[in-house]
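The values are calculated or read from the model by the stated rules, or taken from the named source; none is laboratory data. This one's a predicted model, so the numbers in the text were calculated from it and none came from an experiment. In this analysis, Cβ positions are derived from the backbone assuming ideal geometry, glycine residues included, and neighbour counts consider all displayed protein chains.
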Amino acid sequence: MQNPHFLPDGPNKPIFHKNLDVFIYKFPYTHDDNTLLIDNMPYKNMFNNMYNVIFLESFNSICGEDQHLLGSIFPYFKNLHLSKYDVHTFVEHNPFGKIRCID
């Protein structure tokens, strides 16, 4: 979903919002209790439940080999998979990555 507003760092850089409801509508076996979005920009997910999204730092290939995937993200997903809780409850009690600020 495109928003007519623009980022302050450029007049031609539109803001896009990711809406989980659109995804769930197109894929009927998914719902917000079993779907986790991953992004690096919290503003893109401002319309989603705060416990359906985790925010990661952007990968910088200049810094060398990325160990974040195997060292942090994979164990987090494994724990989520083995958990008896739904996505909301797990993410609420196991925050990961950047924190989403709500104004």
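All told, SER72 meets the bar of being modelled with pLDDT under 95, out of contact with any Asp or Glu (no Cβ under 6 Å at 6 or more places or on another chain), farther than 14 Å from THR35 by Cα and surrounded by 11 or more Cβ atoms within 10 Å (Cβ to Cβ). Candidates LYS26, LYS18, LYS44: the one that is more than 15 Å from GLY97 (Cα to Cα) and modelled with pLDDT of 85 or more is LYS26. Can HIS88 be described as surrounded by 10 or more Cβ atoms within 10 Å (Cβ to Cβ), assigned to a helix (DSSP H, G or I), modelled with pLDDT of 90 or more and not aromatic (Phe, Trp, Tyr)? For HIS88, the condition - surrounded by 10 or more Cβ atoms within 10 Å (Cβ to Cβ), assigned to a helix (DSSP H, G or I), modelled with pLDDT of 90 or more and not aromatic (Phe, Trp, Tyr) - is met. Restricting attention to the stretch 25-41, the residues being of a type outside the set (Val, Ile, Thr) and under 16 Å from GLU92 (Cα atoms) number 5. Is it fair to say SER58 is modelled with pLDDT of 65 or more, loosely packed, with under 14 Cβ neighbours inside 10 Å and under 21 Å from HIS17 (Cα atoms)? So SER58 fits the description; yes.
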